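First comes the structure, then the notes that go with it.
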Ligand code: 6R9
């Protein structure tokens, strides 16, 4: 309920009474987690089953040149045993996964019990073993949002293989780079991926990617639509093999610090890096955040609308909910297909209790109008969540009032691929909500605000700076796959002794945190993270392009759009055809999510005398805010800027 004086929303008494944590509990647990992390996590680590219990809890160092992160290091466990087997004993007939297809008119939803899940995961594990996959090997998963994606993830963990999921919207080139990057033995894909009524030929994409990979890489193909695909020597049919596969595969014993998965993500420089998460700490953290942030209780139906190709899908579709013995929804489709009421129809149909989505989806549905929400019975909703980018107050208010009918809390969760789980978030029974703020640290998280110039910690409230984390938490990434030096440099190189998030933040007068967005060259398009450098290198790889600079600009629905300044080769002329060609080119180099929204032909780019592109200026022009260009005195050729302003694409 809103407090009109302060525009804040204190938890209702009813909610706080049944919540895992009310304000007092949160304060006490948070203080405990800071005062004695070993004791705190030693206790909470027990929420999962260990084969051999740990005796050491935290052994971590952020020291320059020696960044080393280990949690529960002498414990052993198996993730699929934790997410599946242990629940079969107590709740074998409970639904673990509700699968909701792209097209509800042609395909039925599926309810997969924990017992079913054990069989399917075992069979998939058995198939992978037959294909020669063993402990420590990498498996790339390039699948639509179908149950087999979850089977594949859990099957890998069952036999100790390391999965690396590649979002099905990525192009063959991006897929190939990731297969080679982690030296995968097997790629799991499907014939086609239906999404929003359209179909992507995933298997052909995989074939194109595999042309650039070692011949020994095998391809396991799941039949999703039955549409035709070509068949090569390296292909194996999942649907044939599953008929013969053993229906029980014993989970192997893994060390807490054995790698669990690699997930490629964008940074401000170079190519995407393989973020590595390990077995014990990640699972403890995913499970605990899922329970507390969403106030998940036994019997609840939880829906996270992300794709398993992103970290949100890893932690809050699969690992967190299943470790907690929950019921989780896996949705193959998009928010607007067959119509803009789809999310709400699915909420009503499956009686969803906690719903977790991204601001970009909320804005798009807000634009479609409240009538799409009002058609459906949302009375089972107890909580709403937001993730991926800052949520603007207008979208927050719509989410709260139209979807939540003014009586369910919203948790605005700030976190990253690198952090494994929530870092800053309200706890629904504890926190007085402020629209637009991620607010408070989760247990064990020590946020600090640093002055970006001096690198000094800024103490006190009502301050602004860059967001760093002062100490390790169990869900933290451990390294960049194959390049520990890059890990240290990227996250610990700017501010010695701290993990640097790449985001700016404010700490308000009450001590609440507001994440203000990236301070590096990473942009956030529809909640998808992208390095501007990646889009630039795709553009300059085109024969007609001499130079390119890419920045983000404010976009009503996507949050940020992609604005590309392109300088053509001397003998090339700008044209609409060339613009389309470049858009298509970037789609094929990276994927549809990277297609520039605006391309401006730039006879020259603003550069310093030492030849550095002045992105600050390009950002301002893209924001249509060129009155505030700041200091341009270091420009080598100021006339370039006049031309860019004159011909800007984003005139308001
Ligand atoms: C989970 C996820 C991480 C970046 C992060 C930040 C932005 C995510 C946010 C948010 C403000 C929130 N971000 N959640 N910004 N408020 N609640 O999104 O991971 O894809 O790695 O993106 O997303 O900029 O640094 P990832």
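Would you confirm whether any residue within the range 532-544 is touching a residue at least 60 places away in the same chain (Cβ under 8 Å), within 16 Å of the ligand (Cβ to nearest atom), in a strand (DSSP E or B) and under 27 Å from residue 307 (Cβ atoms)? Looking through the range 532-544, none of the residues is touching a residue at least 60 places away in the same chain (Cβ under 8 Å), within 16 Å of the ligand (Cβ to nearest atom), in a strand (DSSP E or B) and under 27 Å from residue 307 (Cβ atoms). Scanning the range 367-396 for residues that are within 16 Å of the ligand (Cβ to nearest atom) and buried (at least 19 other Cβ atoms within 10 Å of the Cβ) gives 383, 384, 385, 386, 387, 388, 389, 390, 391, 395, 396. Out of 74, 49, 102, 93, which single residue is assigned to a loop (DSSP other than H, G, I, E, B), crowded, with 19+ Cβ neighbours inside 10 Å and in contact with a strand residue (DSSP E or B) (Cβ under 8 Å, 6 or more places away or on another chain)? Answer to the selection: 102.
For the range 173-199, a tally of residues being in a helix (DSSP H, G or I), crowded, with 19+ Cβ neighbours inside 10 Å and without any contact (Cβ under 8 Å) to a residue 60 or more places away in the chain returns 3. Is the range 244-262 home to any residue that is within 16 Å of the ligand (Cβ to nearest atom) and either outside any loop (DSSP other than H, G, I, E, B) or over 18 Å from residue 158 (Cα atoms) (or both)? Scanning the range 244-262, I find at least one residue that is within 16 Å of the ligand (Cβ to nearest atom) and either outside any loop (DSSP other than H, G, I, E, B) or over 18 Å from residue 158 (Cα atoms) (or both), so the answer is yes.
Hey, could you check the range 351-361 for residues that are without any contact (Cβ under 8 Å) to a residue 60 or more places away in the chain and under 20 Å from residue 431 (Cβ atoms) and say which is farthest from the ligand (Cβ to nearest atom)? Among residues in the range 351-361 that are without any contact (Cβ under 8 Å) to a residue 60 or more places away in the chain and under 20 Å from residue 431 (Cβ atoms), the one farthest from the ligand (Cβ to nearest atom) is 353. So which residues in the range 58-68 are in a loop (DSSP other than H, G, I, E, B) and either touching a residue at least 40 places away in the same chain (Cβ under 8 Å) or under 27 Å from the mean Cα position of the chain (by Cα) (or both)? 62, 63, 64, 65, 67, listed by residue number. If you go through the range 556-567 and keep only what is in contact with a helix residue (DSSP H, G or I) (Cβ under 9 Å, 6 or more places away or on another chain) and modelled with pLDDT under 95, you end up with 556, 557, 558, 559. Only one entry of 482, 455, 460, 436 meets the criterion of being within 16 Å of the ligand (Cβ to nearest atom) and on the phi > 0 side of the Ramachandran plot, and that entry is 436.
Working only within the range 506-528, note down all residues that are more than 9 Å from the ligand (Cβ to nearest atom) and outside any loop (DSSP other than H, G, I, E, B). Answer for the range 506-528, where residues must be more than 9 Å from the ligand (Cβ to nearest atom) and outside any loop (DSSP other than H, G, I, E, B): 506, 507, 513, 523, 525.
Screening 364, 348 for residues that are more than 13 Å from the chain's Cα centre (by Cα), at pLDDT below 95 and surrounded by fewer than 24 Cβ atoms within 10 Å (Cβ to Cβ) leaves exactly one candidate, 364.
With respect to residue 447, is the statement that it is within 16 Å of the ligand (Cβ to nearest atom), farther than 25 Å from residue 297 by Cα and modelled with pLDDT under 95 true? No, not satisfied.
The values are calculated or read from the model by the stated rules, or taken from the named source; none is laboratory data. As the structure is a computational prediction, the values presented were derived from the model and not from experiment. As a convention, Cβ positions derive from the backbone with ideal geometry for all residues, glycine included, and neighbour counts pool all protein chains shown.
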